[in-house]
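The next block holds one structure in the form of structure tokens; read it before the comments.
The values are calculated or read from the model by the stated rules, or taken from the named source; none is laboratory data. Everything numeric here is computed off the predicted structure, so don't read it as measured data. Neighbour counts run over all protein chains shown; Cβ positions are idealised from the backbone, glycine included.
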Amino acid sequence: MVAQKGKDLLLKINADENGFSTIAGLRARQISFNTETVDTTDSESAGRWRELLAGAGLRRSSITGAGIFKDMESDEKVRSVFFNASIVPWQIVIPDFGIVEGLFQIVSLEYSGQHDGEVSFNIALESAGEINFASAS
């Protein structure tokens with residue numbers, strides 16, 4: 001994958017019957033994938049090296065974003081999903097790589113602003129089910 005513009009990494013929400021819509025105003029976003037290990041080390045482990053159980057453990061994904069709300073529609077969707085503690089489908093479009101899609105819950109929503117600047121927000125999501133990946137064609 002060659003260098004890509006950060007603005008092309010998109011975060012989309014599907015909170016109603018209208019399908020996925022891009023969260024407007026994001027200036028920064030990040031997605032991470034993590035897995036927990038299952039340690040199976042015992043007194044007979046070779047050289048006392050740690051042994052792990054393949055294919056076991058929990059997998060999860062986290063998404064963070066920061067920016068400014070630029071339209072009332074995406075602001076309302078995010079706010080509604082957060083205050084209702086809803087778990088809804090989200091998409092993360094990674095340019096020239098693919099689309100990550102799955103159920104996520106907003107676990108943090110923060111608003112801030114300076115007296116001489118715009119209101120900004122920070123959002124954090126955690127996966128709440130299976131994550132699917134579709135490669136870019």
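Taking each residue of the range 92-120 that is among the hydrophobic types (A, V, I, L, M, F, W, C) and looking for partners that are at pLDDT 90 or above and loosely packed, with under 14 Cβ neighbours inside 10 Å with beta-carbon atoms closer than 7 Å, six or more apart or interchain, yields Ile99/Ala134; Val100/Phe133; Leu103/Gly129; Val119/Tyr111. Modelled with pLDDT of 90 or more, among the aliphatic types (A, V, I, L, M) and in contact with a Phe, Trp or Tyr (Cβ under 7 Å, 6 or more places away or on another chain), is that true of Val81? Taking the combined requirement at face value, the residue does not satisfy it. Total residues in the range 89-98 satisfying the condition of being among the β-branched types (Val, Ile, Thr) and more than 10 Å from Phe20 (Cβ to Cβ): the figure is 2. Scanning the range 111-119 turns up no residue that is surrounded by 14 or more Cβ atoms within 10 Å (Cβ to Cβ) and farther than 13 Å from Lys12 by Cα.
Each residue in the range 103-132 was checked for being not charged (D, E, K, R) and not in a strand (DSSP E or B), and 3 pass.
Are any residues in the range 90-102 assigned to a strand (DSSP E or B), in contact with an Asp or Glu (Cβ under 9 Å, 6 or more places away or on another chain) and either of a type in the set (Gly, Ala, Ser) or surrounded by fewer than 16 Cβ atoms within 10 Å (Cβ to Cβ) (or both), and if so, which ones? Gly102, the sole residue that qualifies.
The residues of the range 8-42 that are of a type in the set (Lys, Arg) and surrounded by 13 or more Cβ atoms within 10 Å (Cβ to Cβ), listed by number, are Lys12, Arg29. It is to be established whether one or more residues within the range 114-125 are among the charged types (D, E, K, R) and more than 15 Å from the chain's Cα centre (by Cα). Yes: one or more hits.
For Glu76, the requirement of being at pLDDT below 90, surrounded by fewer than 12 Cβ atoms within 10 Å (Cβ to Cβ) and farther than 26 Å from Ser137 by Cα is not met.
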